[in-house]
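Worksheet for the structure shown next.
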């Protein structure tokens with residue numbers, strides 16, 4: 001299972017580098033974690049991370065946690081960095097996920113940038 005997760009993470013990372021930024025919105029960035037996560041888990045991850053990258057007042061290293069009592073899965077989202085890229089506000093966010101079925105957590109970092117149209121896209 002761990003090997004499958006690593007392969008999925010590498011495949012998604014390669015795909016993100018191969019497509020122009022506008023295409024990123026069409027990719028499910030949580031696909032690498034989705035093997036044993038429920039749709040509710042994914043929604044909780046997305047909502048928790050949005051609280052960190054949308055609010056400029058959140059301090060670096062801030063961590064927010066989510067827990068889904070139905071699935072037994074949980075995780076944490078941490079704001080690692082704020083920066084500017086090609087005139088866009090960007091954030092680096094770390095997602096750590098603890099699946100009920102596994103003994104250890106998995107983590108993956110994502111960069112999101114705010115486009116001129118106001119959408120937050122993967123970089």
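Within segment 65-95, name every residue whose backbone N is under 17 Å away from a label modeled 7 Å from Cα of residue 59 along the Cβ vector.
The answer is 65, 78-82.
Taking the Cβ of each residue in 113, 90 as the centre, tally the other Cβ atoms inside 10 Å and list the residues starting with the fewest.
The order, fewest Cβ neighbours first, is 90, 113.
Given R₀ = 22 Å, FRET efficiency for residue 104-residue 84 by Cβ-Cβ distance, to 0.05?
The calculated FRET efficiency here is 0.05.
Since every read-out is calculated from the coordinates, none of them should be taken as a lab result. Because the structure is a prediction, the values reported are computed rather than measured. Quick reminder, even Gly has a Cβ in these numbers, built from the backbone with ideal geometry, and neighbours come from all protein chains shown.
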